[in-house]
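Asks: So that we are looking at the same thing, I have put the structure below in structure tokens.
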Amino acid sequence: MTQLDPGKLTSVDEYGDRVHIIPAEVKGFFRRHRNWTQIILLTIFLALPWTRINGHQTILLNIPEREFALFGVLFKAHDVPLLFFILGAITLGLAFVTSVWGRVWCGWACPQTVFIDGVFRRIEQWVEGSYIKRRQLRDGPFSFEKLWKSSLKWFLFTVVSSLIAHSFMAYFVGAKELAGMMTHVPSENWTYFVLVVVFTGGILFDFGWFREQFCVIMCPYGRIQSVLLDQKSLAVVYDQKRGEPRRGIKVDNGSNGDCVSCNRCVQVCPTGIDIRNGLQMECIACTACIDACDEIMTKVKKPTGLIRYDTLDGSKINLKKPRSLLYLLAIVLLLGGLTYAVSTRETAHLAIMRGAGLPYSYVKSPSGAELLLNQFRMHIQNQGSSPARYQMTLPAEYAEKGVILQVAENPLNLNSGDSREWYFFVRIPQALIESNGQFKIKLQIIDLIEKNNFSVERDLIILGPRS
Ligand code: SF4
Ligand code: SF4
């Protein structure tokens, strides 16, 4: 059985090979609260794609269709610059939280932690037993028990990975669309089928096998911790003053610190570190060692909190640190910018294009006069949160000059988020065409549903022969 050595990283052996960490189970205040947090987060992750706000999926990131919905607000490809505000606010939000509360994201909310700790490790425990039994199984020779337990475990891992991959996919293609695809044979949706298989494989690899290695060697957020944390940030810390010299270290006056060298804090650590060596980049602030040490302290009748949440310099949490305030200010500015941009953007997006073929042609009016005809198509999309009824008109001054607007469907009904090609023709007396072969008119588009409050004008150039 692999012995835990508090002086080195337990996820690597003396030859530098990976040692699969099997952390000991732990009970306590933080474990209980993390259990509830994980249940809530998992429920949100699975349920969110099935919820809708303003008729749109609550979170939808449909990249192929270039359609994004966030909490009832719809974004299209032309809104991509707004992503700058959203991604900036998320990044700075994480930096702000880290500067004050340390790696609380890693230990409590990161999908890597939530899925491994809240799902995969629980399956493992259910199939293979306690950490002691699992370590015996890991280090023991090949046996029938090892074979069937391992097979069952990996089968369940695969089922769960597939479920997670499907839920993840629902954020990108839409929950209803995904459910529809699942009722058809894979060959009808090859791309999505292959993507789900790849995601399932990736999740299985990461949550089932790679685990803490991702946090330790790959996670970019983990890499930048040293920049985001300072002495006043909250972290899981070991009270060296109180704990040292720990039991087993000979001291002249015979009075050791409170640490009884039980190694329990190391045994429960999912990244295999010894928090008594000080704050380390591998620590994901999961609080398991706090619960473990509190349990031991209670047993030896000493005050709990030898390992605890604390700032590195022992001061109180300070939200008013210049760095945190700067993050906060930048977040407020970005969210303000986003709110302004969303609230002032037009609730319909219009793009007018000329029809295919000749720029103009001649037609006869009912009275027999010859008129010039230009054909157009308008791509119109309802970006508002409610249905719209668009009407296209010409200002009266043009009608007086004999300009006639003919629209294929007028008014045009569009549900929120829907778009259409709207075909229309403009006929004008040739006499109106100026010497440069053009005549400018204005087109009005209004939403007949009053509460939507949409009314715009667009310039339109009618082409004809130059004189
Ligand atoms: S040192 Fe403690 S808080 Fe950090 S990862 Fe290990 S068990 Fe979790
Ligand atoms: S659990 Fe507490 S008492 Fe035990 S080794 Fe860790 S710090 Fe020392």
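Laboratory data are not the source of any read-out in this text; all were calculated from the coordinates shown. Keep in mind that what you see is a predicted model, and the values were worked out from it rather than measured. Don't worry about glycine lacking a Cβ; one is built from the backbone with ideal geometry, like all the others, and counts go over all protein chains shown.
Asks: Dipole size in debye (nearest 20) for the range 348-463 around its Cα centre, Lys and Arg Cβ +1, Asp and Glu Cβ -1?
Replies: Numbers: 11 positive and 11 negative charges, 32 e Å.
With Lys and Arg at +1 and Asp and Glu at -1, about 160 debye.
Asks: For the chain, find the longest principal axis of its Cα atoms and tell me its angle to the long axis of helix 190-203, 0 to 90°, nearest 10.
Replies: 20 degrees
Asks: Based on the alpha-carbon gyration tensor of the range 348-463, what equivalent-ellipsoid semi-axes (square roots of 5 times the eigenvalues) come out, in whole Å, largest first?
Replies: Values: eigenvalues 155, 39, 30 Å².
Taking √(5λ) for each eigenvalue gives 28, 14, 12 Å, largest first.
Asks: Contact order normalised by length for the chain, with contacts defined as Cα pairs under 8 Å and 6 or more residues apart; what percent is it?
Replies: Relative contact order comes out at 15 percent.
Asks: Can you give the local net charge around residue 75? Use residues other than it whose beta-carbon is closer than 13 angstrom to its beta-carbon, Lys and Arg +1, Asp and Glu -1.
Replies: Numbers: positive: 66, 76, 345; negative: 65, 67, 79.
Neighbourhood net charge equals 0.
Asks: Taking 7 Å along the Cα-to-C-beta vector as the label spot, tell me the residue 365-residue 320 distance in nanometres, rounded to one decimal.
Replies: Taking the two extended label points, one gets 7.6 nm.
Asks: Near the amide H of residue 75, under 5 Å away, which other amide H atoms are found, from residues 5 or more places off or on another chain, if H is placed in the peptide plane?
Replies: 68, 69, 70
Asks: Helix 288-299 versus the longest principal axis of the chain: what angle, 0 to 90°, nearest 10, using Cα atoms?
Replies: So the helix axis and the longest Cα principal axis differ by about 30 degrees.
Asks: Enter the angle in degrees (range 0 to 90, nearest 10) between the Cα long axis of helix 144-173 and the first principal axis of the Cα atoms of the chain, meaning the one along which they spread out most.
Replies: 30 degrees
Asks: Further question on the same structure: Report the local net charge at residue 196: Lys and Arg +1, Asp and Glu -1, summed over other residues whose C-beta lies under 15 Å from its C-beta. Each step should come with its number before you reach the end.
Replies: Working: positive: none; negative: 177, 188.
Here the charged neighbours net out to -2.
Asks: What's the longest uninterrupted piece of the chain once you rule out the trypsin sites (Lys or Arg not before Pro) that are loop residues per DSSP with at most 11 other Cβ within 10 Å?
Replies: On the way: sites that count: 27, 250, 301, 316, 320, 466.
Within the chain, the longest run free of exposed trypsin sites (Lys or Arg not before Pro) spans 28-249.
Asks: For the chain, what does the equivalent ellipsoid look like in terms of its semi-axes, each the square root of 5 times an eigenvalue of the Cα gyration tensor, given largest first in whole Å? Mind dumping the intermediate values first?
Replies: Details: eigenvalues 850, 144, 54 Å².
Equivalent ellipsoid semi-axes, largest first: 65, 27, 16 Å.
Asks: I want to check the label-to-label distance for residue 224 and residue 350. Put each point 7 Å from Cα in the C-beta direction and report it in nm to one decimal.
Replies: Those two pseudo-labels are separated by 4.2 nm.
Asks: Test of the criteria: in the range 128-201, which chymotrypsin sites (Phe, Trp or Tyr not before Pro) are in a DSSP loop and have at most 15 other Cβ atoms within 10 angstrom of their Cβ? Kindly include the intermediate steps, with their values, before the conclusion.
Replies: Numbers: sites: 131, 142, 144, 148, 154, 155, 157, 168, 171, 172, 190, 192, 193, 199; in loops: 142.
Loop-located and lightly packed - 142.
Asks: Between beta-carbons, use under 11 Å as the cut-off and find the net charge around residue 213, counting Lys and Arg +1, Asp and Glu -1. Present the calculation step by step, with values, prior to reporting the outcome.
Replies: Numbers: positive: 18, 211; negative: 206, 212, 282.
Overall, the nearby charge balance is -1.
Asks: Using the Karplus curve 6.51 cos²θ - 1.76 cosθ + 1.60 with θ = phi - 60°, what ³J(HN,Hα) values do you get for each residue of the range 60-74, in whole Hz, with x for Gly and Pro?
Replies: Per residue, the Karplus-derived 3J(HN,Hα) values read 9, 10, 7, 5, x, 8, 6, 10, 10, 10, 10, 6, x, 9, 9 Hz.
Asks: Still on this structure, I have one more. Sorting 169, 353 on the 10 Å Cβ count, fewest up front, what's the list?
Replies: On the way: 169 21, 353 10.
Going from least to most buried by this count: 353, 169.
Asks: For residue 246, enumerate residues with amide H under 5 Å from its amide H, sequence gap 5+ or separate chain, H modeled in the peptide plane.
Replies: Here 257 satisfy the definition.
Asks: Right, next: Relative contact order, percent, of the range 193-322 when contacts are C-alpha pairs under 8 Å separated by at least 6 residues? Don't skip to the end; give the middle numbers.
Replies: Values: 154 pairs, mean separation 38.0, N = 130.
Across the range 193-322, relative contact order equals 29 percent.
Asks: Determine, for 13, 79, the number of other Cβ atoms within 10 Å of each Cβ, and report the residues in order from fewest to most.
Replies: Numbers: 13 13, 79 18.
Lowest to highest Cβ neighbour count: 13, 79.
Asks: Output the pairs from 27/301; 133/153; 27/146 with a Cα-Cα distance over 22 Å in this structure; if there are none, say none.
Replies: On the way: 27/301 18 Å; 133/153 14 Å; 27/146 27 Å.
Where the Cα-Cα span goes over 22 Å, the pairs concerned are 27/146.
Asks: Given a Förster radius of 45 Å and the C-beta distance between residue 386 and residue 251 as r, what FRET efficiency does 1/(1 + (r/R0)^6) yield to the nearest 0.05?
Replies: Details: r = 75 Å, r/R0 = 1.66.
Rounded to the nearest 0.05, the efficiency is 0.05.
Asks: Positive end of the dipole of the chain, charges at C-beta (+1 Lys, Arg; -1 Asp, Glu), about the Cα centre: which of 380, 99, 78 has its Cα farthest in that direction?
Replies: 99
Asks: Pairs of alpha-carbon atoms within less than 8 angstrom and 6+ residues apart define the contacts here; what relative contact order does the range 268-331 have, in percent? List each step's numbers first, then the result.
Replies: Working: 34 pairs, mean separation 13.2, N = 64.
Relative CO of the range 268-331 lands at 21 percent.
Asks: When the dipole is taken about the Cα centre of the range 1-108, and only Lys, Arg (+1) and Asp, Glu (-1) are charged at their Cβ, what size is it in debye, to the nearest 20?
Replies: Values: 10 positive and 8 negative charges, 88 e Å.
About 420 debye.
Asks: Rounded to the nearest 500, what is the 222 nm mean residue ellipticity of the chain from helices alone, with -39500 (n - 2.57) per DSSP H run of 4+ residues and division by all residues?
Replies: Numbers: 15 runs with 168 residues, N = 467.
That comes out to -11000 deg cm²/dmol.
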